[in-house]
Amino acid sequence: MQQDPLPLGALRWRCRVEDLGFESTESLEDIADVIGQDRAVEAVQFGIGMDNAGYNIFALGPDGLNKHTIVRQHLDAAARGREVPPDRAYVNNFDEPYKPLALKLPAGRGADFKQDTDKMVDELLDALRSAFESEDYRTRRRMLESEFKERQERAIGEVEQEARDRNIALQRTPAGFAFAPMRDGQVLDSDGFHQLPDEEKQKIQQEVEQLQHRLHEALQNMPHWVKETREELRKVNEETASYAVGHMIEALKRKYDPLTQVQEHLDRVRADIVNNVDTLLATARQEEQGGAANPQMAAQMQRAESLMNRYRINLIVDNAELEAAPVVYADDPTYEHLIGRIEHRAEMGALTTDFHLIRPGTLHRANGGYLVIDARKVLTRPLAWDALKRILRGRELRIESPYQALGLLSTTTLEPEPLPLDVKVVMIGKRLIYYLLNELDPEFRELFKVAADFDERTDLTEENLPIYARMIATLARKNHLPAFSAEGVGRVIEESARLASDQEKLSIELEKVSDLLREATYQARQNGDGIVGAKAVDAAVAARDRRLGRMRERLQEEILRDTILIDTDGSAVGQINALSVLSLGGYAFGKPTRVSARVGLGRGNVVDIEREVELGGPIHSKGVLILAGFLASRFALEQPLSLSASLVFEQSYGGIEGDSASLAELLVLLSAIGEVPLRQDLAVTGSVNQHGGVQAIGGANEKIESFFELCSTRGLTGHQGVVIPDSNVKHLMLRGEVLDAVEAGRFHVFSVKTVDQAAVLLTGLEAGEANEHGRFPFGSLNGGVQQRLEALAERRRRFGQPDSRLNERPQEL
């Protein structure tokens, strides 16, 4: 029974402009919510609301869904309900300089504290110089020095008086102290001393020895007195220094009361200034003299400058400008950009560092708020993914070099105090990345417990059409585009259904829809139109096909030049036109392909030549195996199949995957077995199951349009067309030129549910049904196939045992 082609209305869904209820998008309000993403939005809101550890979010879905925009919109809304996080700074650790301490200050106070400490350091030398040049300090210092001299003179004077009483003089010489005898108040010279009696000389020598012993005892106390004097002077210096900086420190403490960490830091700063006041004073004096006069002084000034820099702070997070919790996007999530880094500078041929060279990462800026990160980027940056997981597990932010994290760094470096981490991470990526991480990385499941799955399509319903129209109006305004007419909006909606490849769905890949709006605007402006209509949308679609269609046109050209052999009229045995889809650079197009089959005597083998040469993929091979199962179940219930058949995609030089050609392969196989010619003005697509049912395939629109384009170029005869699965009818959104040809009766689209229905269309014969004995009617397609198989089986029986050539069986499918 001859089957009728599909009616025109089944080939494309049309948007009724009058049902939209507006003339242009100027009258439409912006849409606040996202259409069709209820599931994903609920997941995002759930993840944001969960404060428990591990409830970070992975937003999954293909590119072009505006996942970033949607996620950012909800994060911004949540951030407005949270407090601004505190400022963070690093300061010097005076006990362990290589372990800088972290300071926490209220938002906005960090910059003030940095400014105040810088001012204090800038005024420090002047304050110290003034204090130590004051009359009070000089008086106290002179008193200490005078007291020391008096004690020294008193001790020496006692020895000198005792010597004088013994008529011996105590003389001060460049070499030290010396004793000499006296007579009549005059010191004897050596000649006079030698003239004295021996007994008197011996007595003088004994007295000198006693006096030297007394002088030695007196001089032994000198170092102790020097030490005492220096200690007293140190106390005076400390008191003076403490007084000099005390008012500045106390003023800061009062200003930043009751910030405990700041108070403790200022106390440590005051103690360190007092301990290093001598170096600081030397620097002050050197500055008065005009700088460093020699390398030693230069080194001393550098040390003093380094000392003063220790009193400054390194403000790494300044939230003064924020009005809510931060929402940060990590554009380049490398290891150091995420967690921060410690820089070094070259000094005297060596690399040095200090707490001023600590640099923050995006996690520091996002701390207390939200971090949005691209999954592919963080996974492709060395060490970044492991670092992010380690930080989220430990809930603290530790800055260390990647070499230190790997245990490859043995030199001394900074170990800044870790900061407590409070951040919600939202990773955005494709579904494949999410599923791979979920399957292969156990830590991922613990850290990213919320999956926000974004959909590409939404239902095409009467309720959704006005909402979708408002979405188009919103996208046009956001992209600063002119208004669209109702006809233009209707055509955009139709094209959205085409993007979804479904008459009952609309695409919500907003980036693609936005591209269409922008390109349609360009076409309207080229034509001088102030409003974008249906004509401009059609022109944009045609222009895009033109830009991306070079490969499609070249393939069609080679077919027209008979380089690639495709017939579009007549009939042939064991030959059929199948349809495939190619996707290059995001552009999909169909391609007609000839499939042929040859049959001979054998053992029931169906050879897939594509598989034998490793050009066929597993799904394609599965489709061929299904053909063998269908033949066996229909024609080999009473006797084995005694044929050897081969299937091949002619002039195919690349890989083949998918089972959408299995219907064509089964039909061409039946044609070769039954020696029944197949129409070459029909192309076929569809997969089959072992019961002979025809199943849906992808790319139906592109496949139909590719065969139509070929037939149209050669000349439409009114008999040409395409056979598709009946389950694909709802996916048809064909272009206008195809619809025009169908309406004129010059091209046809047929849908089938079974192999037998397709066979009737391709052969013109009845398929035939088996009777109770399993026999098909004479003259039917199945009857002819059955008779040919029986003839082959009889020939094989006459051979008896199969010869060696039959034993060389190819691999069964």
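The values are calculated or read from the model by the stated rules, or taken from the named source; none is laboratory data. Keep in mind that what you see is a predicted model, and the values were worked out from it rather than measured. Cβ sites come from the backbone with ideal geometry, for glycine too, and all protein chains shown count toward neighbours. Please note that ligands, DNA and RNA were not included when accessible areas were found on the heavy atoms of the full protein model with its side chains. Shrake-Rupley method; radii C 1.70, N 1.55, O 1.52, S 1.80 Å.
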Cα gyration tensor of the stretch 662-813, axes a ≥ b ≥ c as square roots of the eigenvalues: rounded (a/c below 1.5), prolate (a/b > b/c) or oblate?
prolate
Could you please report the charge total around residue 706, scoring K, R as +1 and D, E as -1 over all other residues with beta-carbon less than 10 angstrom from its beta-carbon?
0
Stokes-Einstein D in µm²/s, Kirkwood radius over Cα pairs - the stretch 524-624 at 4 °C with 1.567 mPa s viscosity
74
If the cut-off is 12 Å between C-alpha atoms, which aspartates and glutamates fall inside it for residue 730, apart from same-chain ones fewer than 8 positions away?
502, 504
Over the heavy atoms of residue 213, what accessible area does a 1.4 Å probe trace out, to the nearest 10 Å²?
110
Area accessible to solvent at residue 76, 1.4 Å probe radius, in Å²
50
Select from the stretch 323-356 those GluC sites (Glu not before Pro) which occupy a DSSP coil region and have at most 15 other Cβ atoms within 10 Å, ordered by residue number.
323, 343
Amide proton proximity set for residue 752, modelled H, under 5 Å, gap of 5+:
724, 726
Could you work out the helix-only [θ] at 222 nm for the chain, with each DSSP H run of four or more residues adding -39,500 (n - 2.57) and the total divided by the number of residues, to the nearest 500 deg cm²/dmol?
-15500 deg cm²/dmol
Among (i) -0.51; (ii) -0.67; (iii) -0.57, the entry derived from the coordinates for log10 I(q)/I(0) by the Debye sum over Cα atoms at q = 0.06 Å⁻¹
(ii)
Going highest first, how would you order 235-248, 661-674 by mean Cβ packing within 10 Å?
661-674, 235-248
How far, in nm, would the chain grow between residue 275 and residue 525 when pulled straight, counting 0.36 nm per residue and subtracting the alpha carbon separation?
82.3 nm
Before I look further, what does the chain give for accessible area per residue, probe 1.4 Å, in whole square angstrom?
50
Going highest first, how would you order 489-501, 538-550 by mean Cβ packing within 10 Å?
489-501, 538-550
For the stretch 556-567, take each phi angle, set θ = phi - 60°, evaluate the Karplus expression 6.51 cos²θ - 1.76 cosθ + 1.60, and give the result in whole Hz per residue in order, putting x for glycine and proline.
4, 4, 5, 5, 5, 8, 6, 6, 9, 8, 9, 8
Residue 445 versus residue 222: modelled label distance in nm, points set 7 Å from Cα along the beta carbon direction:
8.4
Just need the relative contact order of the stretch 347-442 here, percent rounded to a whole number, with Cα pairs under 8 Å and 6+ apart.
40
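How much length, in nm to one decimal, is gained on full extension between residue 145 and residue 212, taken as 0.36 nm per residue of separation minus their Cα-Cα distance? Let's see the in-between values first.
Numbers: separation 67, 0.36 × 67 = 24.12 nm, distance 2.63 nm.
My answer for the length gained is 21.5 nm.
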What is the gain in length, in nm to one decimal, between residue 462 and residue 719 on full extension, counting 0.36 nm per residue of separation less the C-alpha to C-alpha distance?
88.8 nm
Which entries in the list 67/377; 478/505; 449/478; 99/119; 505/703; 512/753 go over 22 Å, if you measure between the two C-alpha atoms of each?
478/505; 449/478; 99/119; 512/753
Largest to smallest accessible area among 426, 648 [probe 1.4 Å]
648, 426
Check residue 616: other-chain or 5+ apart residues with amide H under 5 Å from its amide H, H built from backbone geometry?
611, 656
With the dipole of the chain defined by +1 on each Lys or Arg Cβ and -1 on each Asp or Glu Cβ, the option from 363, 182, 34 whose Cα lies farthest towards the positive pole is 34
Remind me, relative contact order of the stretch 706-747 in percent, using alpha carbon pairs under 8 angstrom and six or more residues apart?
56
Residue 551-residue 778 pseudo-label distance in nm [points 7 Å out on the Cα-to-Cβ vector]:
5.4
Per-residue counts of other Cβ atoms within 10 Å, averaged by peptide: what ranking do you get for 755-762, 726-733, highest first?
755-762, 726-733
